[in-house]
Amino acid sequence: MLTQLAYRNVKRSIKDYFIYIITITIVVSLMFAFNSMMFSDMILGMNSHMTDYMFLLVLFSIIVVIIIAWLINYMTRFMLDKRSKEFGTYLLLGMENKKISKLFLCENILLGIISFIFGVILGSFIFQLLTAVVTAFFGKDFNIVIGFDIKALLLTILYYGAIMFLVTLKNNRRLKKMKICDLLYVDKKNDVIKIKNIKKSCVMFVLSLIAGIVALKGAPVIVTLICVVFFIYSFYMGISGVMVMVFSKSKVLKYKKTNIFLFRQLSSKINTMGFTMGTLAVLFTLTLLSSNYAVGLSSFKDEIEQYVPFDVCISVLNQDEKFEDVSAYMDENDWIKESIVYGIYKGATSTYTDVLVANEISGGYFQYDTYLKVSDYNVLRRLLSLDEITLSDNEFLIHAVSSASDSYIQYIEKNPTMDIDNITYSCKGVYSENFSQNGQNGAGFILVVPDEAVSEMEVYYSQYAASTKRESNEKLYKNLKNYILQDADKWASSGHRDYEIDHGMGIDSVYMIYDNIMVKNGGLDYEVKAAIITVVSSIFYVALVFACVAFTVLAVQQLSDSAKYKYRYRILNQLGLYEKERNQLVFKQLLIYFMFPIVIPIIVSFTISMKLNQQLLRGTQLEATTFTFYGATLILFLVVYSIYFVATYVGFKRNISL
């Protein structure tokens, strides 16, 4: 009988639980999608480091489960309050608390199963999307996998089941202790507007502005963080008093249309929820900042690949290295399509290195300018499937990373020539294709000259580059690293050399990819990609859950109060307010309430993100502005915001319908 009654209640009230179903569906879909990532053979097989990095995702999953447990508990309390009068009536009719508790348990189980099924279905699509992103990031082909990973499904059931068990246990205890009067008069409780602490609120508001100014002045990181948090909390705890004071003194604003009603609706909530609003604002700020950083990192695929354009590229500090052991291994295993052993030459000055320094392009550079013979340069271009370049006897060219090319273009406009051994050479141009210039073919740039021009120069260090017959991979990298290059002194970056050399590593970026052995699709580039994918996935996971938590709290706060607002709107209807005007008033009330805790986070996160994005883009060749990452983040944030706002608006209108 209880099961049938629970089924009838769920069927009848499912529209009222729309926010609950949306929230549970989203969090279950996220849990299932990221659990599927942790067990996906396709993703784990991308790189040997993916298995290690997935432990970070497990750690974040545990944090997320704790957050979701609190969220579901918060939602079920809302459901209990909404059904309180109904449960009180059951008690009046003679039903025992124990049976009501079982009825509520059955309803939660039914709603939980419905939400879980929708969540798993949505999660499978999210997993396919995540897999497509990961495979594209690694440059692999994506194949749709139909079906569920049983391990991921069981882990999701375990997480969700444990959460629902603990939440239900807590609510059952609450139900068993509640009396008839507690249940019948839950919706009669009202908030009281507090205006006696206006001075205190104004002081808090002024202090928040001072903290905000200090944070903007560029204080130390710890001081800035403390000021930002204090600014957010004190702003929301102080703004209510300022609003009450301003509104009360402005008769024009106060008595315009339905403003006095709207103010009364919002002021008591804002007064009593200052700390809650501050907490929600902090959550929104963290969500926007973390999502901005994740979007920024996820854009670095092409940036990573610029570091490893050659299938194989090996650097040695020995001046006369022949790479015989490397060539023997590559020939023996039928890897080589074409290869070259060449030297990077040491100039007598640092003129072109100084161009980077003068333009404040920070990095680690060689002590002297680096040179490359044009014959070797053309072989290297051929390895990269680039057109060869012809230089006349008195010409040279500059090959630089794209982030430094503009500086060199401006420099050669004023200084179009250079002298080597009393011979003048004219600059043919500046080239900026990916050319492995993080300590391999120069550090940020290299000067390409006729072969005869380096006849009197000494070799700075030796290089080996090759194109392969098949796609290079992690196995090739490990074999070169572990089996071929046995002589640690010979191959280490601080190994034997005939003279001291301050080995350059190129222009500073968010990260530096440098190794003596660079293998495309198998070396440090894949390791960095694996790390970025894990960090980005984890950040997005937590950020989306934070957003769901904050928006759910906002929605539940309004929906839980909508029952008591029904009487107030009925009075307005009797005073002549039409339904269209009432709906407009509801829309305005909810919009202000939803916008109130996100305006400051948007301003704060935008200010911080612009500075953060400048650091992300420094020294890169990404065609993005500092606003690009934040703009994408804000769009995603507003999409989630719109879903919750619309659901709240529809539910609120239904609850106050006359």
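The values are calculated or read from the model by the stated rules, or taken from the named source; none is laboratory data. Please read all numbers here as calculations on a predicted model, not as lab measurements. Every residue, glycine as well, gets a Cβ built from its backbone with ideal geometry; the counts of neighbours run over all protein chains shown. What goes into the accessible areas is simple: the full protein's heavy atoms, side chains included, and nothing from ligands, DNA or RNA. Shrake-Rupley method; radii C 1.70, N 1.55, O 1.52, S 1.80 Å.
Quick look at the values:
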read-out: Within the range 396-416, tally of residues that are part of a strand (DSSP E or B) and either over 22 Å from M457 (Cβ atoms) or at pLDDT 95 or above (or both); value: 4
read-out: Among (1) part of a helix (DSSP H, G or I); (2) buried (at least 21 other Cβ atoms within 10 Å of the Cβ); (3) at pLDDT below 95, the one test that S327 misses; value: (2)
read-out: Members of the range 554-566 found to be surrounded by fewer than 21 Cβ atoms within 10 Å (Cβ to Cβ) and among the aliphatic types (A, V, I, L, M), listed by number; value: A563
read-out: Candidates D369, D393, D421, D387, filtered to the one that is among the acidic types (D, E) and buried (at least 21 other Cβ atoms within 10 Å of the Cβ); value: D369
read-out: Residue tally, condition touching a residue at least 40 places away in the same chain (Cβ under 8 Å) and within 10 Å of Y431 (Cα to Cα), over the range 387-406; value: 6
read-out: Lone unmet requirement of (1) more than 37 Å from the chain's Cα centre (by Cα); (2) within 30 Å of I532 (Cβ to Cβ) for K98; value: (2)
read-out: Test result for V10, farther than 21 Å from Y526 by Cα, modelled with pLDDT of 80 or more and assigned to a helix (DSSP H, G or I); value: no
read-out: Selection count where residues are among the polar types (S, T, N, Q), in contact (Cβ under 8 Å) with a residue 60 or more places away in the chain and farther than 22 Å from A328 by Cβ, scope the range 441-487; value: 1
read-out: Selected residue [touching a Lys or Arg at 6+ places or on another chain (Cβ under 8 Å) and over 17 Å from G161 (Cα atoms)] from L80, L103, L92; value: L80
read-out: All positions within the range 339-360 that are within 18 Å of S436 (Cβ to Cβ), open to solvent by 30 Å² or more (accessible area, probe 1.4 Å) and of a type in the set (A, V, I, L, M, F, W, C); value: V341
read-out: Answer residue from the range 336-384, given it is part of a loop (DSSP other than H, G, I, E, B) and either closer than 12 Å to A465 by Cα or of a type in the set (D, E, K, R) (or both) and is nearest to the chain's Cα centre (by Cα) among those; value: E360
read-out: Of all residues in the range 20-58 being hydrophobic (A, V, I, L, M, F, W, C) and free of Cβ contacts under 8 Å to residues at least 40 places away in the same chain, the one that is most open to solvent (accessible area, probe 1.4 Å); value: F55
read-out: Residues within the range 169-221 that are assigned to a helix (DSSP H, G or I), β-branched (V, I, T) and modelled with pLDDT under 80, tallied; value: 4
read-out: Residue list for the range 426-449, filter: farther than 15 Å from S403 by Cα, open to solvent by less than 10 Å² (accessible area, probe 1.4 Å) and modelled with pLDDT of 90 or more; value: N441, L447, V448, V449
read-out: The listed residue being over 23 Å from S327 (Cα atoms), part of a helix (DSSP H, G or I), at pLDDT below 80 and not aromatic (F, W, Y), out of A530, A543, A453; value: A530
read-out: Residue that is most open to solvent (accessible area, probe 1.4 Å) [pool: residues in the range 90-127 that are over 20 Å from I24 (Cα atoms) and free of Cβ contacts under 8 Å to residues at least 24 places away in the same chain]; value: L93
read-out: Any hit, the range 418-427, residues being in a loop (DSSP other than H, G, I, E, B) and farther than 30 Å from I517 by Cβ; value: yes
read-out: Hits in the range 632-646 (condition: surrounded by 13 or more Cβ atoms within 10 Å (Cβ to Cβ) and of a type in the set (S, T, N, Q)); value: T633
read-out: Neighbours by Cβ (under 7 Å, 6+ apart or cross-chain): first from the range 625-647, free of Cβ contacts under 8 Å to residues at least 40 places away in the same chain; second crowded, with 17+ Cβ neighbours inside 10 Å; value: T626/N613; T626/L617
read-out: The range 542-578: number of residues that are among the acidic types (D, E) and free of Cβ contacts under 8 Å to residues at least 24 places away in the same chain; value: 0
read-out: Leading residue by the ranking (farthest from D81 (Cα to Cα)) among those in the range 563-583 that are in a helix (DSSP H, G or I) and among the aromatic types (F, W, Y); value: Y569
read-out: Some residue of the range 382-390 being out of contact with any Phe, Trp or Tyr (no Cβ under 6 Å at 6 or more places or on another chain) and on the phi > 0 side of the Ramachandran plot; value: yes
